Amino acid sequence: MRRITAGICLVAGVVSSGAPPALSQDAVQVESALIDQAKLPDAIDSKGARPKADPSVISPAVDALPPPLLPLAAPPSLALPDAPSQVRIHELRPLTLEEALQLAEVNSPQLKAAALQVDQAKSSLRAAVAAWYPTIDLSASGLPEYFASYSYRNPDFVSPDPLTGKPNNEFYGREWRVNGRLQVSWDLINPARVPQIAAARDRFERAGDAYLIALRDLRLEVQTAYFALQQSDAGVRIGQDSVKASLVSYRDARARFNAGVNTKLEVLEAETQLARDRNILTTNLRDQNEQRRNLARVLDLPQDVTPTAATPARPLGSWEPSLQESIVAAYNYSEELDQLILDISINNSQANASLAAVQPVVRFVNSTSASRTEGQNGQSSLSDIDMGDFTYRVQNSTALTASWRLFDGGRARAEYKRSKQAAEESRLNFARARDQIRFQVESSFFGLRAAIQSLETTATEVLASRESLRLSQLRVQAGVGVQREVVNSQRDLTQAELKYARAITDYNRDLATLQRRTGLDALVACDAASLSGTKSESDPQPIPIEPTPLKTPCPSGGTASSSVNQTETSPIQPLW
């Protein structure tokens, strides 16, 4: 405190004297509350240079369907209907969210393809490891080989046979030959072997991370599609109720007009509202059909089955971790970051393998050859050839061979630099992915907070609109109100119920996204509840502008509110 006071006095004296300030670090020391970013933990030090996929951070995928869901198994991969009857819908199958997740994990071709990619990477790794073992080659030039020959020479250049007096200028030959060779080759020194195996191992780990990413993305996609279907179902129900209520209002307005106690304007207003509600119902029916088929696409269901939502939309639970805990969890459990670290390792291994092209290779080679020949060659006539004559030969050679490319025009060095530059690019991509992951978590967290507030306000709006509609209908029946009040109240109620259904969907979607990004399942489940028919008389709380604590979306008396109080335990800390 004395140092800060002395610094302030020194600055004041310099300013008052008009002299230029010449301050040292000891004169004025300003302590910043910001964290030194250079002292943050390094990802490679925390996760390792080659992080391994950890399947325990996520519940494994279901590998078999329960008996009730066996008829919904995916059709063959290459199945392609060619008749309208094959794609006609024969069953509307209600599914819960848990059943939809089971079907997706078993049926999804995308998840199966990711699993096959893991197997492919494993096979590639096994192929790379084989470089440590010797190779054995067996070759044969004849199994067997029949050889026949005939040669003729100019008799003028051949001396006559002393016995016959005739020149021997014709020769015949017939042989059966068998030749075989066995060669054993073993690289004793191969600089490219170790980096190639390391790169293959990193690719295998990367494929494992890709499978976990595909599984998490699939579950999020199923949840999102199911929530959208629940919202469209709620829209259809709200539209049907609105059409029924508007139809009753229209009939009442028409009856009062015929009785002479109403005007034509009120009948037209009721008819207009009825047309609006029918249009809302038509739009929601279209959305419902579209969302059902979208869910069928995600689940890869049989061609003649359309899924429906077996349960209505309601908040899934309350998110317990704070924003900061969610961000750190996303960093720790994000396979996308692990993949980028593996990319750095892969590129470094490829750089070392590139330099191996101009390094010596020492190889041990052992060759064994065997041959057998039956028959004779160079006889003066075919009758002189004795096929019982044979020759057997075995040869063996052992050697150490070496090869060393002394100059390649700089290609190896250029490939080395390219791989190192790719590793640096992966580091930059890591920074970009880190910032993107944090933004996604914060966006979902802020959306969750807004959705909680929206649930509260839209629920209040629905109850107030219901009461307003009831009172306006009573006023019209008592003859002190007009049809315009009923039309406005009916429209407000429809819009309020649609916004309430949308708020539930937004909350569940943000909650599922947080689970996907962080790998956390710390939820406090909500009890099933519905809006009451009467509006609460408690004073409504104004919507605050500053960041507010993360309140529970569960209704009063539910499991979440009784077990945890988010307002007191994990408030949202402001980021500024």
Being among the basic types (Lys, Arg) and closer than 17 Å to residue 505 by Cα is the filter here, so list the residues in segment 184-239 that pass it. 219, 237
Restricting to segment 297-334, name every residue that is touching a Phe, Trp or Tyr at 6+ places or on another chain (Cβ under 9 Å) and among the acidic types (Asp, Glu). none
Count - residues of segment 433-471 that are touching a residue at least 60 places away in the same chain (Cβ under 8 Å), in contact with a Ser or Thr (Cβ under 9 Å, 6 or more places away or on another chain) and open to solvent by 30 Å² or more (accessible area, probe 1.4 Å): 7
Considering residues that are within 20 Å of residue 219 (Cα to Cα) and either touching a strand residue (DSSP E or B) at 6+ places or on another chain (Cβ under 8 Å) or open to solvent by less than 20 Å² (accessible area, probe 1.4 Å) (or both), the number found within segment 316-336 is 9
Residues located in segment 474-484, provided they are assigned to a helix (DSSP H, G or I) and open to solvent by less than 60 Å² (accessible area, probe 1.4 Å): 476, 483
Please verify whether residue 272 is in contact (Cβ under 8 Å) with a residue 24 or more places away in the chain, touching a Leu at 6+ places or on another chain (Cβ under 7 Å) and open to solvent by less than 70 Å² (accessible area, probe 1.4 Å), treating the condition exactly as stated. no
Within segment 275-287, of all residues that are open to solvent by 80 Å² or more (accessible area, probe 1.4 Å) and not polar (S, T, N, Q), the one nearest to residue 487 (Cα to Cα) is 276
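Residues are listed down the side, and each one gets a yes or a no for (1) farther than 25 Å from residue 227 by Cα; (2) part of a loop (DSSP other than H, G, I, E, B); (3) open to solvent by 60 Å² or more (accessible area, probe 1.4 Å):
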residue: 53; (1), (2), (3): yes, yes, no
residue: 56; (1), (2), (3): yes, no, yes
residue: 59; (1), (2), (3): no, yes, yes
residue: 62; (1), (2), (3): no, yes, no
residue: 74; (1), (2), (3): no, yes, no
residue: 80; (1), (2), (3): yes, yes, yes
residue: 94; (1), (2), (3): no, no, yes
Any idea which of (1) out of contact with any helix residue (DSSP H, G or I) (no Cβ under 7 Å at 6 or more places or on another chain); (2) under 30 Å from residue 294 (Cα atoms); (3) of a type in the set (Asp, Glu) is the one residue 221 doesn't satisfy? (1)
If you scan segment 471-488, which residues turn out to be of a type outside the set (A, V, I, L, M) and over 12 Å from residue 273 (Cα atoms)? 472, 473, 475, 477, 479, 481
Could you list all residues from segment 288-315 that are touching an Asp or Glu at 6+ places or on another chain (Cβ under 8 Å) and buried (at least 20 other Cβ atoms within 10 Å of the Cβ)? 288, 298, 309, 313
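Matching residues to (1) over 11 Å from the mean Cα position of the chain (by Cα); (2) not basic (Lys, Arg):
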| site | (1), (2) |
| --- | --- |
| 201 | yes, no |
| 211 | no, yes |
| 216 | no, no |
| 219 | no, no |
| 222 | yes, yes |
| 226 | yes, yes |
| 234 | yes, yes |
| 246 | yes, yes |
| 249 | yes, yes |
Working carefully through the options 216, 201, 193, 181, find the one that is open to solvent by less than 40 Å² (accessible area, probe 1.4 Å), over 30 Å from residue 312 (Cβ atoms) and among the basic types (Lys, Arg). 193
Taking first residues from segment 101-124 that are open to solvent by less than 30 Å² (accessible area, probe 1.4 Å) and second residues anywhere that are of a type in the set (Lys, Arg) and in a helix (DSSP H, G or I), the pairs with Cβ under 7 Å that are 6 or more apart or on different chains are 121/203
So in segment 244-266, with the set limited to residues that are buried (at least 19 other Cβ atoms within 10 Å of the Cβ) and hydrophobic (A, V, I, L, M, F, W, C), which one is farthest from residue 286 (Cα to Cα)? 253
For segment 136-174, enumerate the residues that are open to solvent by less than 70 Å² (accessible area, probe 1.4 Å) and closer than 30 Å to residue 368 by Cβ. 139, 140, 142, 145, 147, 148, 149, 173
Please give the number of the condition residue 185 fails out of (1) modelled with pLDDT of 85 or more; (2) in contact with a Leu (Cβ under 9 Å, 6 or more places away or on another chain). (2)
What residue, among those in segment 222-243 that are of a type in the set (D, E, K, R) and open to solvent by 50 Å² or more (accessible area, probe 1.4 Å), is farthest from residue 109 (Cα to Cα)? 241
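Per-residue answers, yes or no, for (1) surrounded by 14 or more Cβ atoms within 10 Å (Cβ to Cβ); (2) closer than 30 Å to residue 173 by Cα:
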site: 356; (1), (2): yes, no
site: 369; (1), (2): yes, yes
site: 372; (1), (2): yes, yes
site: 379; (1), (2): yes, yes
site: 393; (1), (2): no, yes
site: 404; (1), (2): no, no
site: 410; (1), (2): no, no
Need at least 2 residues that are at pLDDT 90 or above and of a type in the set (S, T, N, Q) per element, so show me which strands (runs of 3 or more DSSP E) inside segment 296-409 make the cut, counting only ones lying wholly within it. 305-309, 361-379, 390-403
Matching residues, segment 130-171, being assigned to a strand (DSSP E or B) and in contact with a helix residue (DSSP H, G or I) (Cβ under 8 Å, 6 or more places away or on another chain): 167
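The values are calculated or read from the model by the stated rules, or taken from the named source; none is laboratory data. Please read these numbers as outputs of a predicted model, since none were measured by experiment. FYI the Cβ positions are ideal-geometry reconstructions off the backbone, even for glycines, and counts take in every protein chain you see. We work out accessible area using only protein heavy atoms, side chains counted, and drop any ligands, DNA or RNA first. Shrake-Rupley method; radii C 1.70, N 1.55, O 1.52, S 1.80 Å.
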